[in-house]
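Since every read-out is calculated from the coordinates, none of them should be taken as a lab result. The model shown is predicted, which means the values in this text are computed figures rather than measured ones. Positions of Cβ are backbone-derived with ideal geometry, glycine not excepted, and every protein chain shown enters the neighbour counts.
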Amino acid sequence: MIAVAVNYSELADSELMRKVKASDSRALEALYNRYSSVLYTLVKKIAKDTALAEEILIDLFAIIWRKSSLYDERIGNAYCWLVTLARNKAVDTVKRKNAAPEDQEEYNEEYEDYFIVPRLSPEIDDLDLKTALNIKGNIEDALHKLTDAQQYVLYLAYYEGLNQSEIATRLKIPIQTVKSKVKLSLGNLKDNLLRGNE
């Protein structure tokens with residue numbers, strides 16, 4: 001029986017992830033070729049430093065290789081898993097860089113599994129890179145329709161990785177106000193997206 005050559009660039013994200021789980025380095029290379037520029041853009045927005053963003057991107061693909069077993073094939077959604085992984089790693093790296101060593105929790109396998117590697121809900125919609133790029137303009141429009149305060153609260157939560165208590169401290173407002181602002185901002189973002197698709 002003649003073996004058929006696999007064209008990795010044509011495989012779906014979920015198939016590439018399955019092959020990475022099986023220690024197929026060509027699948028990791030294909031994921032890198034497909035996602036490195038998108039993930040780098042996200043990481044650089046968080047890290048704001050080119051050298052640090054490049055270092056995070058290298059670390060990110062090492063994590064994908066080592067922790068691919070934690071990717072849940074039943075949920076799928078490789079795009080969301082990779083983007084969330086990149087966001088988590090970038091936020092954590094920046095926080096560690098800016099914190100005193102005595103204030104940092106030890107970075108080990110357990111820490112990485114719990115705080116860096118995402119666990120996606122089966123309820124989120126499946127998304128791939130092509131679809132994400134197609135709806136990027138809709139998301140940007142929906143974000144720009146939010147007030148500056150709503151955009152800033154979401155920025156602090158997503159790009160700086162601040163929890164509600166840290167946002168309250170940063171903005172010098174009560175935590176209940178932060179909770180209501182985040183809830184309102186997310187609700188308005190969802191409404192703007194739905195209206196934009198009508």
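Please work out if residue 57 is without any contact (Cβ under 8 Å) to a residue 40 or more places away in the chain and either surrounded by 20 or more Cβ atoms within 10 Å (Cβ to Cβ) or within 16 Å of the chain's Cα centre (by Cα) (or both). Spell out the reasoning first.
Working: without any contact (Cβ under 8 Å) to a residue 40 or more places away in the chain: yes; either surrounded by 20 or more Cβ atoms within 10 Å (Cβ to Cβ) or within 16 Å of the chain's Cα centre (by Cα) (or both): yes.
Yes: the conditions hold for residue 57.
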request  = Report the residue count in region 156-183 for those that are without any contact (Cβ under 8 Å) to a residue 24 or more places away in the chain, assigned to a helix (DSSP H, G or I) and surrounded by 15 or more Cβ atoms within 10 Å (Cβ to Cβ).
outcome  = 6
ask   = Here are some conditions: (1) assigned to a loop (DSSP other than H, G, I, E, B); (2) in contact with a helix residue (DSSP H, G or I) (Cβ under 9 Å, 6 or more places away or on another chain). Residue 186 meets all but one. Which one does it not meet?
value = (1)
